[in-house]
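Asker: Below: one structure in structure tokens.
Coordinate-derived values only; no laboratory data. For clarity, every value in this text was computed on a predicted model and none was experimentally measured. Virtual Cβ from ideal backbone geometry, glycine too; neighbours counted across all protein chains shown.
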Amino acid sequence: MGKYNELLALRNKIENTLNYQLSLSNLELYHSNLFAVVLEKSGFINHKFFSDVIDINKKYTDLKVYREKKSIDLTIEVTDEDSQTHVIFIENKVKSLPDESQLIGYSEKDPNAKGILLSLVKPGFKLSDSWFRRSYVELIEYYNDLLNKVDETFRLFLLDYIEYMKNVEKFIEKISYGESYFFEESNNKVLDGMRLKSVIEKIHYANLESKIADLGYKTYSGRIRGDNHFGIDLPIEGTTSSFDIQIQGNQYRHKVNFSLEDKAKLGDLERICDSIKEKTCLYHFNLEDNPILQKSSSRKKWKTYDKRDFYDYALIKKHVLSKELIDYIKTDVRKIEAHLKIVKEIILENMA
């Protein structure tokens, strides 16, 4: 019960801060708005927090902060001692995960701007040369260093925020990177009814996704139909379709994703999946003496998304460790790679 009590104590500390209570209506917007107010009140931009986007040894004037300008969380404009204007984008990710396409889109709006990705977790992709990641630990350091630049009332408010986010970081570290794939029952008990629950679940799945990113294929994580998931997508060369291993909740899925282009040329997709299962290792979970998976109770032969993604699944056993699951996925990927040529041949020979 030691870890449970420790997590419960951290939850109580978080929920007893004024900033937590004030942020309940809109978590991400609240943090961004506070950051904007801090900048406007202090004018403090000569800090290592901004060291990658400006020369912090120069003097700056005319600091302006815009909220949601061109749909970007914060846009900072500031003029240096040489009369050069600098534009800095701040993209804040508290309840959601970093999105590469979003950052690329922002840079296209102003190619000369530089950006700071402020997030609770590291992005699962390499940032472009114009974007730099900052953690909330670094934001807290920045706030600590400007406490003497604001009035006493706001200083006390920032101290409450610093306490709030320090405990959030500790809480996430203890609960999101555990050994088990499934959250322990005691962890779920602590999370029950907590506003941060969805954030922590996303972080857990994003962390699992990062463990298979070195396999050389597109990986993903997110939330769909109320459940978090992660997976890896393998292209079927010679077609525009793909195959992926997808883990959602307690389901370990094998899924063929027929593209709209391929589907238009193919006939009975169920029959094609039957042939793939008969001639390859795809859709086979080898459940006898399997330490990771067990048989599902589903009686439906094929499950589908949008009548073009066909999958079947086995159930992940209750006490599986994250490392065991990741190792299993990596082994499964290598087996599937060897059979994708056959899958390609099956699809091509069925095209009209």
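Asker: Can you run phi through the Karplus equation (6.51, -1.76, 1.60; θ = phi - 60°) for segment 189-196 and list ³J(HN,Hα) in whole Hz, with x for Gly and Pro?
Answerer: 5, 5, 6, 3, x, 8, 4, 7
Asker: Then there's this: Using Rg/Rh (Cα atoms, Kirkwood Rh) as the read-out, say which of (1) 1.05; (2) 1.35; (3) 1.12 was calculated from these coordinates.
Answerer: (1)
Asker: Something else now. Relative contact order (percent) for segment 88-164, with alpha-carbon contacts under 8 angstrom and 6 or more residues of separation?
Answerer: Over segment 88-164, the number comes to 26 percent.
Asker: Run the numbers for Asp80 and Lys263: contour at 0.36 nm per residue of separation, minus the present Cα-Cα distance, in nm.
Answerer: Difference between extended and current length: 60.2 nm.
Asker: Still on this structure, please answer the following. In nm, to one decimal, how far is the Asp160 label point from the Asp110 one, both placed 7 Å along Cα→Cβ?
Answerer: Label-label distance for Asp160 and Asp110, simple model: 3.2 nm.
Asker: Helix 136-145 against the longest principal axis of the chain: what's the angle in degrees, Cα atoms only, rounded to the nearest 10?
Answerer: The two axes meet at around 0 degrees.
Asker: Shifting gears a bit: What number do you get for segment 1-152 when its Cα radius of gyration is normalised by 2.2 N^0.38 Å, N = residues?
Answerer: The value comes to 1.13.
Asker: State the answer as a single residue: which of Ser322, His284, Leu266 lies farthest towards the positive end of the charge dipole of segment 195-352, with beta carbon charges of +1 for Lys and Arg and -1 for Asp and Glu, about the Cα centre.
Answerer: Ser322
Asker: Follow-up. Going by amide H atoms built from the backbone, whose H comes under 5 Å of the H on Ser296, apart from near neighbours?
Answerer: Leu315
Asker: What translational D, rounded to a whole number of µm²/s, comes out for segment 89-172 from Stokes-Einstein when the hydrodynamic radius is the Kirkwood one over Cα pairs, at 37 °C and 0.692 mPa s?
Answerer: D = 231 µm²/s.
Asker: Mind jotting down the distance between the C-alpha centroids of segment 269-292 and segment 213-241, whole Å?
Answerer: One Cα centre to the other: 18 Å.
Asker: Once each part is reduced to its C-alpha centroid, what is the distance from segment 108-144 to segment 39-55 in angstrom?
Answerer: Using only Cα atoms, the two centres lie 13 Å from each other.
Asker: What is the calculated FRET efficiency for Asp274 to Asn188, with r their C-beta to C-beta distance and R₀ = 35 Å, to the nearest 0.05?
Answerer: 0.35
Asker: Loop only per DSSP, at most 15 neighbouring Cβ atoms within 10 Å: give me the trypsin sites (Lys or Arg not before Pro) in segment 317-352, ordered by residue number.
Answerer: Lys318
Asker: Assign unit charges at the C-beta atoms only (+1 for Lys and Arg, -1 for Asp and Glu), then state the dipole size of segment 5-85 relative to its Cα centre in Debye, rounded to the nearest 20.
Answerer: Roughly 240 debye for segment 5-85.
Asker: R0 = 22 Å: FRET efficiency of Glu345 with Arg308, Cβ-based, nearest 0.05?
Answerer: 0.65
Asker: For segment 21-152, give the share of DSSP beta bridges that are antiparallel, in percent and rounded to the nearest 5; count only bridges with both residues there.
Answerer: Here the antiparallel bridges make up roughly 55 percent for segment 21-152.
Asker: While we're looking at this one, here's another question. Given labels modelled 7 Å from the Cα in the Cβ direction, how far is it in nm from Asn148 to Lys59?
Answerer: The answer from the label model is 2.1 nm.
Asker: Okay, helix-only estimate at 222 nm for the chain: each DSSP H run of n ≥ 4 adds -39500 (n - 2.57), divide by all residues, round to 500 deg cm²/dmol; what do you get? If you can, show how the numbers build up before the last one.
Answerer: Numbers: 12 runs with 144 residues, N = 352.
Helix-only estimate at 222 nm: -12500 deg cm²/dmol.
Asker: A further question follows. Give me D for segment 199-352 in µm² s⁻¹, whole number, from Stokes-Einstein with Rh from the Kirkwood sum over alpha-carbon pairs, 20 °C and 1.002 mPa s.
Answerer: In µm²/s, the coefficient rounds to 134.
Asker: What percent does the relative contact order of the chain come to when contacts are Cα pairs within less than 8 Å and at least six residues apart?
Answerer: Relative contact order here is 13 percent.
Asker: Tally Lys and Arg at +1 and Asp and Glu at -1 over the other residues with C-beta under 9 Å from the C-beta of Leu27: what net charge comes out?
Answerer: Around Leu27, the charge tally is +1.
Asker: For segment 192-351, what is the relative contact order in percent, using Cα pairs closer than 8 Å and at least 6 residues apart in sequence?
Answerer: 21
Asker: Which angle from 0 to 90°, rounded to the nearest 10, does the C-alpha axis of helix 322-337 make with the longest principal axis of the chain?
Answerer: Once rounded, the angle reads 50 degrees.
Asker: A further question follows. With springs connecting C-alpha atoms under 10 Å apart, model the chain as a Gaussian network and identify which of Ser176, Ser23, Ser101 has the largest mean-square fluctuation.
Answerer: Sorting by GNM fluctuation, first place goes to Ser101.
Asker: Among the lysines, which have Cα under 18 Å from the Cα of Lys265 when same-chain residues fewer than 8 positions away are ignored?
Answerer: Lys307, Lys344
Asker: Nearest 5 is fine: what % of DSSP beta bridges in the chain come out antiparallel, could you say?
Answerer: Percentage antiparallel, nearest 5: 80.
Asker: Summing +1 for each Lys or Arg and -1 for each Asp or Glu, what net charge is found among the other residues whose Cβ lies under 13 Å from the Cβ of Lys70? The partial results should precede the final answer.
Answerer: On the way: positive: Arg67, Lys69, Lys109; negative: Glu68, Asp73, Glu77, Glu91, Glu108, Asp110.
So the environment of Lys70 carries a net charge of -3.
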